[in-house]
Amino acid sequence: MSADSLGLRLREILLRQAREPGSLDGRSLQGLVGDLCGPDQQDLLPALRYLVLCPPFLRSLRASPPLADPRLLEQLRAELGQVFAPSLCARMEPLLEGLLDRPPTLARQEAQPPAPLQPPTPAPITVTPLPTTAAGKERGNSPSALVALLAFLSGGLAVALAAVLSGVQLPGRSPSSAPLASPYRAGQPTPTLPKPADRPSPDSLATPAPPELPAPPEENTALPAPPQPPVQGDAVASQATGDTAVTSTVAAALAAVEAVYASLSAGDPAGALQRMEGSAADQFDPAFFRRFQEVGVSELRATATEGSTVTLEGVVSFLYPDGSRQRESRTFTVDTARKPPRITASAFGRVLSPRR
């Protein structure tokens, strides 16, 4: 079964079980993904078990309709990127597309950055000359006619002025003896010009200043409302948020332990050592695990949680080259505050079934 087919099959089962109240608890989800993963998807099992217990997936699964949030794909990518390597996240991409019923092409387009916008090419500006009309030609020729008229009038005035200067006299009277005529008749009062003081001052002609408008009334500043005491619904929401955080912490610890044993079973002791530190790393011996054909862990459960530290208990099985198998119980202490989470301590419990 391919990764996208596995996602589609898991979606079909989850949508059917979502109609039955109480059927989507953490233990049933862990068992469901373990049953669906075949031999070709064992390396995806730790990431898939972590995925079905992360808060965004659980919220969308319990919503109505389930698994329909358009933001869920990006949220699940971010959750996986915080815990698992980029190569494993890339292999989980087809499974996510099938689980959320998203077309592969659409998912890849969302993952690619948008192409940069190209500035528009400005259109060329064409200048059209104005047409020349007959009226325009007449206006262009009008200054020449005006000049000719002014020259004619100036010639006539020059002839009259020459006649006066040449001593042309009126009959019976010499030019020097003729008194100047007064424009005012005898007996009429001579009008007087107004004195400078009587004329209006330039200041009185100035534009009057506009009247001052009254200032707008100040707005009353509303006092902040006193804080309201939390209602019962807020307390329930706060408790639900705390439960979600604890579930996410336990899921991260489970994924860390399963990733270590998946690396050991794949013959990659260096990958397993990257998720160990402290006393757990000191006890790790790659030569010991090379004796077995396969190493696995199952039935993991949280026995204690304190902040970001989770204590788990599970069953470790060792498959020998001759086909015999031995099962033992073991405890693990995981620090989920590290990115990725690290196993800081591990202790042997007891032999559940000896080699046979």
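Among the residues of segment 4-31, the ones that are modelled with pLDDT under 85 and in contact with a helix residue (DSSP H, G or I) (Cβ under 7 Å, 6 or more places away or on another chain) come to 5 in all. Checking every residue in segment 12-19 against the condition of being farther than 22 Å from L264 by Cα and small (G, A, S) gives at least one match. Restricting the first member to segment 335-349 and to residues that are without any contact (Cβ under 8 Å) to a residue 60 or more places away in the chain and more than 15 Å from T305 (Cα to Cα), and the second to residues that are open to solvent by 40 Å² or more (accessible area, probe 1.4 Å) and among the basic types (K, R), the beta-carbon pairs closer than 9 Å and six or more apart or on different chains are A347/R330; F348/R330; G349/R330. Elements of the type helices (runs of 4 or more DSSP H) sitting completely within segment 196-315 and holding at least 3 residues that are more than 42 Å from the chain's Cα centre (by Cα), at pLDDT below 80 and of a type outside the set (G, A, S): these cover 202-205. Quick check on segment 59-78. Is at least one of its residues closer than 19 Å to L300 by Cβ and surrounded by 17 or more Cβ atoms within 10 Å (Cβ to Cβ)? There is no residue in segment 59-78 that is closer than 19 Å to L300 by Cβ and surrounded by 17 or more Cβ atoms within 10 Å (Cβ to Cβ). When A270 is tested against (1) among the aliphatic types (A, V, I, L, M); (2) open to solvent by less than 30 Å² (accessible area, probe 1.4 Å); (3) farther than 29 Å from S28 by Cα, exactly one condition is not met: (2).
For beta carbons closer than 6 Å, sequence separation of 6+ or different chains, a first residue in segment 50-66 that is small (G, A, S) and a second that is surrounded by fewer than 18 Cβ atoms within 10 Å (Cβ to Cβ) and not in a helix (DSSP H, G or I), the qualifying pairs are S60/L67; S60/D69. Taken over segment 316-356, the criterion of being part of a strand (DSSP E or B), among the acidic types (D, E) and over 15 Å from A252 (Cα atoms) is satisfied by E328 alone.
Each residue in segment 308-329 was checked for being open to solvent by 40 Å² or more (accessible area, probe 1.4 Å) and touching a residue at least 24 places away in the same chain (Cβ under 8 Å), and 6 of them qualify.
For residues in segment 37-51 being surrounded by 12 or more Cβ atoms within 10 Å (Cβ to Cβ) and either acidic (D, E) or modelled with pLDDT under 85 (or both), which is nearest to L100 (Cα to Cα)? Let's see the steps before the verdict.
Taking segment 37-51 as the starting set, the residues that turn out to be surrounded by 12 or more Cβ atoms within 10 Å (Cβ to Cβ) are 37, 41-51.
Then keep just the ones that are either acidic (D, E) or modelled with pLDDT under 85 (or both); that gives 41, 43.
Numbers: Q41: 18, D43: 21 Å.
Within segment 37-51, the match that is nearest to L100 (Cα to Cα) is Q41.
The values are calculated or read from the model by the stated rules, or taken from the named source; none is laboratory data. All figures in this text were calculated on a predicted structure; none of them were measured in a lab. Please note: Cβ atoms are built from the backbone with ideal geometry, for glycine as well, and neighbour counts cover all protein chains shown. Side chains are part of the model used for accessible areas, which takes the heavy atoms of the whole protein and leaves out ligands, DNA and RNA. Shrake-Rupley method; radii C 1.70, N 1.55, O 1.52, S 1.80 Å.
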